[in-house]
Amino acid sequence: MKQDFTRWLPAIAQTKQHFTRWLPAIAETTQSKIRKVPQGKAALSIAGVAAIGALAFGPTAIAAPPVTGGPHAGAVAAIDLATGKKTETVEPAQTTGADKVNQPASEKPSRDKLIPHGVEGAQSRVPLDDAQIANAKEIVKAAKDTGVGERGAVIGVATSLQESKLYNLGHLGAYNDHDSQGLFQQRPSSGWGTPEQVTDPDYSAKAFFGALKNVGEWQQLPLTAAAQTVQVSAFPYAYAQWEEQAADIVQQLW
């Protein structure tokens, strides 16, 4: 169902929150764990870290302005706690390069297919580590499996970049917003599935794409409108800022 996109623009003024503000009190954080879920997937659960997106009726987004530098020290610390490894500094607007695949240029999706309506507004980027790239691959694979194609994959990756920065988040305890979990911050209590299901990347991505396919003429909508119709976010315009990086990721991984 199409929605009046212009009605969402007032929400832009409410969305200027920086990514680094999502990870307060990192210096006081001393515990982390990786909770295993079926199919060998791992959901990150970090004590003392504020939730990176949540659901009201669908996942709630928190917008960030364009990222002009590498991850804040607090963000790096949170990633290190969650993954148990040292995060290397990556230059802005770059990925680690680990998401490069040996694919002839002629077989990669064209930019017209990936961004048919052009990007809207300032674009944000974050460096990607191996865990994020692996999750992006799961989303791209699910896009192929569900038949939403390259454009659907871009919408899915952009949505996950906004909701969880492509991390498969488990329940963050007192810092969790409601019961939101996983790559798309889907709520079990809202019918997305069990906690184990929504923290399985394949399941959560296919659930997202299943809902997207029910949006009338979603291929013709701006990315943020299509994503918002599925997610029902309090910050509906926030998804737009990730379209360019999502398109780059999909082009590399398709």
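The values are calculated or read from the model by the stated rules, or taken from the named source; none is laboratory data. In this text the structure is predicted, and so the values were computed from the model without any measurement. We place every Cβ from the backbone using ideal geometry, glycine too, and count neighbours over all the protein chains shown. Only protein heavy atoms, including side chains, enter the accessible area calculation; ligands, DNA and RNA are left aside. Shrake-Rupley method; radii C 1.70, N 1.55, O 1.52, S 1.80 Å.
Put simply, of GLU88, GLU138, GLU120 the only residue that is in a helix (DSSP H, G or I), among the acidic types (Asp, Glu) and either open to solvent by 10 Å² or more (accessible area, probe 1.4 Å) or at pLDDT below 95 (or both) is GLU138. Of the residues making up region 187-203, those that are open to solvent by 50 Å² or more (accessible area, probe 1.4 Å) and β-branched (Val, Ile, Thr) number 1.
Taking (1) open to solvent by less than 20 Å² (accessible area, probe 1.4 Å); (2) outside any helix (DSSP H, G or I) in turn, ALA158 satisfies each apart from (2). The residue list GLY210, GLY182, GLY170, GLY149 contains one member that is over 23 Å from LEU114 (Cβ atoms), among the small types (Gly, Ala, Ser) and more than 13 Å from the chain's Cα centre (by Cα), which is GLY170.
LYS206 falls short on exactly one of the conditions (1) more than 22 Å from ALA226 (Cα to Cα); (2) surrounded by fewer than 23 Cβ atoms within 10 Å (Cβ to Cβ), and that condition is (1). Residues in region 168-186 that are in a loop (DSSP other than H, G, I, E, B), out of contact with any Lys or Arg (no Cβ under 7 Å at 6 or more places or on another chain) and buried (at least 24 other Cβ atoms within 10 Å of the Cβ): GLY182, LEU183, PHE184, GLN185. In region 168-193, the residues that are within 20 Å of THR229 (Cβ to Cβ) form Cβ pairs under 7 Å with partners that are in a loop (DSSP other than H, G, I, E, B) and hydrophobic (A, V, I, L, M, F, W, C), at six or more places apart or across chains, as follows: SER180/ALA51; LEU183/LEU166; GLN186/TRP192; SER190/PHE57.
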